[in-house]
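S.K.: The following block contains the structure, expressed as structure tokens.
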Amino acid sequence: MTEAEVYSPEWWLKRLLARLRQRSLACSEFHLFYEGQQPLAFASAKFREVFGQRYGRLPANFMPLVVDAERERLIVQGFRFLNRSEGDKVVWRIWQDNQLDAESQIAHEIALTKGAAYTLVSPPAPGSTSPLITIEDPTEVVLETAPGNRRIRLAALKVYTDDDGYARAYLYLPASVYRWRSAQKRGDQTYSGLESVTWSPFAEEGEDWPIPNVLGVVPVIPLLNRPRRDGSGRSEIEPVMGNQSAINKLRFDALVASEFVAFPQRWAINIDIPVDPDTGQPIAPFKPGVDNLWAMRRPDPDEVAEYGDKVPSPSFGQFPAADLRPYIEMIREEVGQMASIYRTPYHYLLGEPTSVPPSGESLKSSEAPLVKKIGAQAIHFGEGWEETMRVALIAAGQGSKARTDGETIWADPETRNEAARTDSILKQYDAGLLPDEFALEELGYSQQQIERISGIRAQERADREAEAAAEPPEPPDPVVEPDEQGRMRLVPGGMAG
């Protein structure tokens, strides 16, 4: 095989399809765990046979709690460039045009759940000035980077099944975009067997094949959660899937025990059990209930005469109920291990009822590991968003503003004492250590709010200056001084001679 054949579009298609299928299997499992559709693990075959049908709605799903505890604190508030040019405003306009305040939350959820999410940047549509930025799932998109430098994107593939039932495959290379469509409709919506699909070149009416890539770079950018050296990310769900499965099994065992052995079981001896003459089956001699009386007949006098003191007397008793507390303690142990692995506060997962609420300092201390973890995640996600916006600026025809000194501005993930924090920032501001915009940013205002506040202040200053210019100057106070004869007189114009 020649080098040209190795790097041909068909070679990339086959190679990336194989990678996509391999990764989609794991990502789909992570997604099912997040949605609570978890298999019954740690159960014997007999247990599955008897109770498996009842399991569908019983998982105690902690996965969304852990993922959302991080996602809800990863909020992008803007972008900053060191030269403070108009570039950050252009970037923020592109961000808002693509509704990325909401879409970015979807991207973070996907990346935390499956280890990676992707953004796809497309040139502006006819009549629009903003490029299109979409969020892509790792079960549909795969990216390959250079072996020696994962910041160099070599090729990317997006595969999905369209509404017409045909699979589509889009290959993104730095110079061109290739589109294919499956020869047959696909009844299977999964990505198994895609390598054996017959692909045909596909182009809309009036389009070339391939389409020139006017951006000059692969427009697919990864958002990786805790990236590895090989360019892949880590799922937050994967390390604790075993804990979640153990919790599900223990909870199911507790529910089964509560049905069969958690109620006190009664016994009776030396009684006659009536038999149904039609079926030959025994009939329950007593009916339990708060308004029912259990009564036994007296021994027959003939039996007493025959057996004397050895006449068997009926007697009743009760077995103790099963103690379900060991199940609860084992579940708590698994939740505690899960919290340690995730570095998620225990009270997020399993709150303890108490009459005294925890103090602010204790809550802050328990959340410190989570805050540190989110800070590290924000670094990697921020790099992905910055590269996304650089490619978007190129797509918008403003490549001169696509600088590499950009910075993603994140909302503060830490729970703080707002009164103490505000007092500290105001003292630094009064001392002249902080400029207006930086102080507002430290107080937690978003870039839009800061811009609005700055605009209101500028308008107020302009109004005051306009009012001052429109008012006539006040006449000076009169000046009185003596004349040549020593008599006091007013000086004209209020000026002393």
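S.K.: Has the range 62-75 got any residue that is at pLDDT below 95 and more than 30 Å from SER245 (Cα to Cα)?
M.R.: Looking for residues that are at pLDDT below 95 and more than 30 Å from SER245 (Cα to Cα), one finds at least one in the range 62-75, hence yes.
S.K.: So, one more: Please find, within the range 405-416, the residue that is nearest to ARG80 (Cα to Cα) out of those that are touching an Asp or Glu at 6+ places or on another chain (Cβ under 9 Å) and either among the acidic types (Asp, Glu) or at pLDDT below 80 (or both).
M.R.: GLU407
S.K.: Determine which single condition GLU414 fails, assuming it passes every other condition in (1) exposed (fewer than 13 other Cβ atoms within 10 Å of the Cβ); (2) outside any helix (DSSP H, G or I).
M.R.: Here GLU414 meets the rest and fails (1).
S.K.: Can you say whether ALA392 is in contact with a helix residue (DSSP H, G or I) (Cβ under 7 Å, 6 or more places away or on another chain) and open to solvent by less than 80 Å² (accessible area, probe 1.4 Å), as far as the supplied structure shows?
M.R.: Criteria met by ALA392.
S.K.: If you go through the range 161-170 one residue at a time, how many are part of a strand (DSSP E or B) and either open to solvent by 50 Å² or more (accessible area, probe 1.4 Å) or touching a Cys at 6+ places or on another chain (Cβ under 7 Å) (or both)? Give the derivation first.
M.R.: Step one: list which residues in the range 161-170 are part of a strand (DSSP E or B), which gives 161, 166-170.
So of that shortlist, the ones also either open to solvent by 50 Å² or more (accessible area, probe 1.4 Å) or touching a Cys at 6+ places or on another chain (Cβ under 7 Å) (or both) come out as 166.
Count: 1.
S.K.: Here's something else I'd like to know. List the pairs whose first member sits in the range 379-402 and is more than 17 Å from GLN96 (Cβ to Cβ), whose second member is in a helix (DSSP H, G or I), and whose Cβ atoms are under 6 Å apart, counting only residues at least 6 apart or on separate chains?
M.R.: Qualifying pairs under 6 Å: ALA402/ARG390; ALA402/LEU393; ALA402/ILE394.
S.K.: Still on this model: Is the range 267-279 home to any residue that is more than 30 Å from PRO413 (Cα to Cα), under 56 Å from the mean Cα position of the chain (by Cα) and at pLDDT below 80?
M.R.: Checked the range 267-279: at least one residue is more than 30 Å from PRO413 (Cα to Cα), under 56 Å from the mean Cα position of the chain (by Cα) and at pLDDT below 80.
S.K.: Every residue in the range 105-123 that is crowded, with 20+ Cβ neighbours inside 10 Å, of a type in the set (S, T, N, Q) and within 10 Å of ILE135 (Cβ to Cβ), please.
M.R.: THR119
S.K.: Please tell me if GLU333 is open to solvent by 80 Å² or more (accessible area, probe 1.4 Å) and at pLDDT 85 or above.
M.R.: Spelling it out, GLU333 is indeed open to solvent by 80 Å² or more (accessible area, probe 1.4 Å) and at pLDDT 85 or above.
S.K.: Continuing with the same structure: Please determine whether any residue of the range 239-253 is at pLDDT 80 or above, part of a helix (DSSP H, G or I), charged (D, E, K, R) and open to solvent by 60 Å² or more (accessible area, probe 1.4 Å). Working first, answer last.
M.R.: So the first thing to find is which residues in the range 239-253 are at pLDDT 80 or above, and the list is 239-253.
Filter again for part of a helix (DSSP H, G or I), leaving 239-253.
Narrowing further to those that are charged (D, E, K, R): 249, 251, 253.
Remaining after also requiring open to solvent by 60 Å² or more (accessible area, probe 1.4 Å): 251.
Yes, the range 239-253 has at least one match.
S.K.: Another question about this same structure. Can you tell me which residue within the range 113-129, out of those that are more than 19 Å from the chain's Cα centre (by Cα) and in contact (Cβ under 8 Å) with a residue 40 or more places away in the chain, is farthest from ALA396 (Cα to Cα)?
M.R.: By that ranking, first place goes to LEU120.
S.K.: Criterion first (in contact (Cβ under 8 Å) with a residue 12 or more places away in the chain, open to solvent by 50 Å² or more (accessible area, probe 1.4 Å) and part of a strand (DSSP E or B)) does GLU407 satisfy it?
M.R.: Yes.
S.K.: Also, quick follow-up: Given (1) at pLDDT below 85; (2) farther than 29 Å from SER245 by Cβ; (3) part of a helix (DSSP H, G or I), where does PRO358 come up short, assuming only one miss?
M.R.: Among (1) at pLDDT below 85; (2) farther than 29 Å from SER245 by Cβ; (3) part of a helix (DSSP H, G or I), the lone unmet condition for PRO358 is (3).
The values are calculated or read from the model by the stated rules, or taken from the named source; none is laboratory data. Model, not experiment: these values are computed from the prediction. Using ideal geometry, Cβ is built from the backbone for each residue, glycine included, and neighbour counts are taken over all protein chains shown. Note: accessible area is taken over every heavy atom of the protein model, side chains too, but ligands, DNA and RNA are not part of it. Shrake-Rupley method; radii C 1.70, N 1.55, O 1.52, S 1.80 Å.
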